[in-house]
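S.K.: Below is a structure I'd like to ask you about.
The values are calculated or read from the model by the stated rules, or taken from the named source; none is laboratory data. What you are looking at is a predicted structure, and each value in this text was computed from that prediction instead of being measured. So basically every Cβ, Gly included, is an ideal-geometry build from the backbone, and we count neighbours across all protein chains shown. What goes into the accessible areas is simple: the full protein's heavy atoms, side chains included, and nothing from ligands, DNA or RNA. Shrake-Rupley method; radii C 1.70, N 1.55, O 1.52, S 1.80 Å.
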There are 2 protein chains.
Amino acid sequence: MSRAEPSRRGSRHGRAGIRDVAAAAGVSITTVSDALNGKGRLPDATRRHVREVADRLGYRPSAAARTLRTGKSGLIGLTVTTYGDEPFTFTEFAYFAEMARAATSAALARGYALVILPATSRHDVWSNVALDGTVVIDPSDHDPVVSDLVRQGIPVVSDGRPAGTLPVTAWVDNDHEAAVLGILDHLAAAGARRIGLLTGTSTDTYTRLSTHAYLHWCERVGQDPVYEKYPAHDPCAGAVAADRLLARPDRPDAVYGLFDPNGTDLLAAARRYGLRVPDDLLLVCCSESTVYATTEPPITTLSLKPRRIGTAVVQLLIDAIEGLDSGRPVEQVIPTELIVRTSSQRRPPRTTVSAPRGPSG
Amino acid sequence: MSRAEPSRRGSRHGRAGIRDVAAAAGVSITTVSDALNGKGRLPDATRRHVREVADRLGYRPSAAARTLRTGKSGLIGLTVTTYGDEPFTFTEFAYFAEMARAATSAALARGYALVILPATSRHDVWSNVALDGTVVIDPSDHDPVVSDLVRQGIPVVSDGRPAGTLPVTAWVDNDHEAAVLGILDHLAAAGARRIGLLTGTSTDTYTRLSTHAYLHWCERVGQDPVYEKYPAHDPCAGAVAADRLLARPDRPDAVYGLFDPNGTDLLAAARRYGLRVPDDLLLVCCSESTVYATTEPPITTLSLKPRRIGTAVVQLLIDAIEGLDSGRPVEQVIPTELIVRTSSQRRPPRTTVSAPRGPSG
DNA sequence: TCCTCTTGCAGAAACGTCTCTGTCAACAGT
DNA sequence: ACTGTTGACAGAGACGTTTCTGCAAGAGGA
């Protein structure tokens, strides 16, 4: 009586288990597992037979059971520091979207999936998912989540140089200081006399290092710093800050904006003040958005290469998970790219790509 | 001898298990489980004691074991149909980013996390993660992944009306046809005589329904359709298509662009042809991007309300997962919002319709 | 013929949790 | 005093895999 139960139980629950496959194929559980996972010493005939039966029954191995047994879930956490009550900033900055996309691709290519998790340590969510490792974007100084994960022996790789003594496994970042210095030099070479900066009020590494580099550059060339800060997470505050910057008595003749929307904000502000770009005002902003290629005029942007960063972060993380001594450095600096467009070139050859061919052209 | 082993084993593996907590607290496993999960009949003293011991040992319940036992993983899949070889379109359209963000928030608020998965049925990844349900954005006609999931009894909710006989649990979508008709009426009311459309070559529901609505409207008002198609996934193709549209002999005096970047593309194209917006050309595009608020001129956009959609999709899905008969309809239509800006409003003083300045004018 | 080695497969023990089913004491009701 | 009830906990399966160990049978060598 009780002997008939096991085979029943499997099918009663809806999905077929490995036991059902074994019974249907007339082999043992071991053989099924080996056949499907390509392990063990089995003749091809048996392997084919088992696979066929498994297909016929629509067998799907239980991920939970496998994870429990092997200790590997194939899941990687992805978390972004939060500014407001929303868990993410995907929308505000194309950077995050690009980075996340690249990270997802890279993870999938190696058989892992990404789980989006809140930066806040919502215990119930974090502890309910078995993670093999975690990617942290812009971790704050003493992120409790990161420390917790590391204490559990889970690898953590951060996008952004960890501040303080944050014990990450590895990190990837740009050389933000070099990037800012490069832009300032670029603007100065284009004829800028007084370069302004649009920066943020938050204390993350990116903002801090970039602002510091700006101040350092000013000191070096003997220019008085001209900058405005605003809370970068507020989409409206950027326009106001841009306006403030151009309204100053010591109005700059060139501006670098640290955040993605600064380009359009500055352009709009310049228009309000009757400033022509690039003739009266040179403009550069840090952005991954393609809209700046078609604005009037096109705006020079600094790309942080989020795709390369996302890929690198995931590679490092998976190497750590799988215990591979990949030989890759655990601290990688990805070069930035300055995409020079009209807005930062004084009296450029005015022709852009194609001359107008319309009736009025 | 063998009695001492179990307690050792737990700590040897690094992380403390429920057994270790039970031993350290001097109670049984059952009591620990009940104490931590708030079940059973335990005096508060015992409960507190157990919790304290668990904290001291840094006990974290194994998500895999819990999932295996309870059958619930707290994980929701999120998948987007892919156009190219990249798994997503996050970047190209702010819509996806917004929607995903809202969905993530809503899921986290109810204790679930989102797993990003490829639309292609990469078997190794899909079957390696235990999903309680899945959100599918823009499923194609006979998506094999969806059918597979449904066959396994996993709820699937789609963003976008499922085409064909796709067996989803529920869906949420806009009324795209009504939205397009509304925009065309809006443009006509602003004085448009010949309205053009910038549409896509792909066969997804959004593109299909929108195009159909346009053609239908044209037929109704007796206008010859003027539209250009292009592969929406290609960021460069949009600019070319916009150019084509304005280069036509029967050049429209108003254009609606179905995709996010169309606004800037059309604006740039108009500039090349010396057309003033909105005087010579009225412009509307479907976008969630805020850049259109500060372009010159600001462009009227149609918002599909991705945040509301993302939230609704997740609520429906979790209701289905938890077996709640929420009373919510399983087919929800979210209204769109037309954000009217300068680009679609003819200047008030101009009472007469401006004569078309083209060859056929 | 006997021993050894390999092949092909089966048994059974984990992995760590939840939960159903007890058990034992104390205590109240008749 | 005997039984029924309730509170407080313990025992012992599952859940569905993977994998270590082991057994039988045949192949090959001496």
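S.K.: Tally up the residues in segment B:107-137 that are at pLDDT 85 or above, open to solvent by 10 Å² or more (accessible area, probe 1.4 Å) and more than 9 Å from every other protein chain (Cβ to nearest Cβ), please.
M.R.: 3
S.K.: Give segment A:36-63 a look and list any residue that's near DNA strand C (Cβ under 8 Å from one of its atoms) and of a type in the set (A, V, I, L, M), or say none.
M.R.: A:LEU42, A:ALA45
S.K.: Give the residues of segment B:294-309 that are free of Cβ contacts under 8 Å to residues at least 40 places away in the same chain and under 18 Å from the mean Cα position of the chain (by Cα), sorted by residue number.
M.R.: Hit for segment B:294-309 is B:SER303, nothing else.
S.K.: Among B:THR207, B:THR199, which is under 16 Å from B:LEU302 (Cβ atoms), at pLDDT below 95 and not assigned by TED's automatic domain parsing to the domain that holds B:VAL313?
M.R.: Working: B:THR199 fails: at pLDDT below 95.
Sole residue among the options that is under 16 Å from B:LEU302 (Cβ atoms), at pLDDT below 95 and not assigned by TED's automatic domain parsing to the domain that holds B:VAL313: B:THR207.
S.K.: Okay, next question. Mind listing whichever residues of segment B:37-60 are within 43 Å of the chain's Cα centre (by Cα) and not in a helix (DSSP H, G or I)?
M.R.: Hits for segment B:37-60 are B:GLY38, B:LYS39, B:GLY40, B:GLY58, B:TYR59, B:ARG60.
S.K.: If B:GLY153 satisfies every condition in (1) open to solvent by 50 Å² or more (accessible area, probe 1.4 Å); (2) more than 12 Å from chain A (Cβ to nearest Cβ); (3) touching a Lys or Arg at 6+ places or on another chain (Cβ under 8 Å) but one, which is the exception?
M.R.: (2)
S.K.: While we're on this one: Across segment A:280-315, what is the number of residues that are of a type in the set (Lys, Arg) and either assigned to a helix (DSSP H, G or I) or farther than 18 Å from A:PHE259 by Cα (or both)? Full working, then the answer.
M.R.: Of all residues in segment A:280-315, those of a type in the set (Lys, Arg) come to A:305, A:307-308.
In the following step, the residues that additionally are either assigned to a helix (DSSP H, G or I) or farther than 18 Å from A:PHE259 by Cα (or both) were identified as A:307-308.
Selection size over segment A:280-315: 2.
S.K.: Would you call A:ASP234 more than 21 Å from B:TYR292 (Cβ to Cβ) and among the acidic types (Asp, Glu)?
M.R.: Values: more than 21 Å from B:TYR292 (Cβ to Cβ): no; among the acidic types (Asp, Glu): yes.
Spelling it out, it is not the case that A:ASP234 is more than 21 Å from B:TYR292 (Cβ to Cβ) and among the acidic types (Asp, Glu).
S.K.: Can you give me the number of residues within segment A:1-56 that are open to solvent by 70 Å² or more (accessible area, probe 1.4 Å), at pLDDT 90 or above and within 11 Å of DNA strand D (Cβ to nearest atom)?
M.R.: Adding up the residues that qualify gives 4.
S.K.: Let me ask you something else. Identify the single condition in (1) under 11 Å from A:THR79 (Cβ atoms); (2) in the same structural domain as A:SER210 (by TED's automatic domain parsing); (3) not acidic (Asp, Glu) that A:PRO118 does not satisfy, given that it satisfies every other one.
M.R.: Here A:PRO118 meets the rest and fails (2).
S.K.: In addition: Quick one: how many residues across segment B:235-284 are under 21 Å from B:LEU209 (Cα atoms) and within 12 Å of another protein chain (Cβ to nearest Cβ)?
M.R.: Qualifying residue count, segment B:235-284: 7.
S.K.: Out of B:VAL291, B:VAL330, report the one residue that is within 21 Å of the chain's Cα centre (by Cα), modelled with pLDDT under 95 and either crowded, with 19+ Cβ neighbours inside 10 Å or among the acidic types (Asp, Glu) (or both).
M.R.: Values: B:VAL330 fails: either crowded, with 19+ Cβ neighbours inside 10 Å or among the acidic types (Asp, Glu) (or both).
Among B:VAL291, B:VAL330, only B:VAL291 is within 21 Å of the chain's Cα centre (by Cα), modelled with pLDDT under 95 and either crowded, with 19+ Cβ neighbours inside 10 Å or among the acidic types (Asp, Glu) (or both).
S.K.: Please identify the pairs in which a residue from segment B:23-48 that is within 14 Å of chain A (Cβ to nearest Cβ) has its Cβ atom under 7 Å from the Cβ atom of a residue that is open to solvent by 80 Å² or more (accessible area, probe 1.4 Å) and near DNA strand D (Cβ under 8 Å from one of its atoms), counting only partners at least 6 apart or on another chain.
M.R.: none
S.K.: If you go through segment B:88-105 one residue at a time, do you hit one that is farther than 30 Å from A:ALA100 by Cα and either of a type outside the set (S, T, N, Q) or modelled with pLDDT under 90 (or both)? Before the answer, list the steps.
M.R.: Of all residues in segment B:88-105, those farther than 30 Å from A:ALA100 by Cα come to none.
Looking through segment B:88-105, none of the residues is farther than 30 Å from A:ALA100 by Cα and either of a type outside the set (S, T, N, Q) or modelled with pLDDT under 90 (or both).
S.K.: Return yes or no: is A:ARG346 among the basic types (Lys, Arg), out of contact with any helix residue (DSSP H, G or I) (no Cβ under 6 Å at 6 or more places or on another chain), farther than 27 Å from A:GLU177 by Cβ and open to solvent by 10 Å² or more (accessible area, probe 1.4 Å)? Outline the logic, then answer.
M.R.: Numbers: among the basic types (Lys, Arg): yes; out of contact with any helix residue (DSSP H, G or I) (no Cβ under 6 Å at 6 or more places or on another chain): yes; farther than 27 Å from A:GLU177 by Cβ: no; open to solvent by 10 Å² or more (accessible area, probe 1.4 Å): yes.
It is false that A:ARG346 is among the basic types (Lys, Arg), out of contact with any helix residue (DSSP H, G or I) (no Cβ under 6 Å at 6 or more places or on another chain), farther than 27 Å from A:GLU177 by Cβ and open to solvent by 10 Å² or more (accessible area, probe 1.4 Å).
S.K.: Here is a further query. I need the full set of residues from segment A:99-113 which are of a type in the set (Gly, Ala, Ser) and either free of Cβ contacts under 8 Å to residues at least 40 places away in the same chain or in contact with an Asp or Glu (Cβ under 8 Å, 6 or more places away or on another chain) (or both), in order please.
M.R.: Within segment A:99-113, the first condition is being of a type in the set (Gly, Ala, Ser), and the residues that meet it are A:100, A:102-103, A:105-107, A:109, A:111, A:113.
A:SER105, A:ALA109, A:GLY111, A:ALA113 - these are the residues of segment A:99-113 that are of a type in the set (Gly, Ala, Ser) and either free of Cβ contacts under 8 Å to residues at least 40 places away in the same chain or in contact with an Asp or Glu (Cβ under 8 Å, 6 or more places away or on another chain) (or both).
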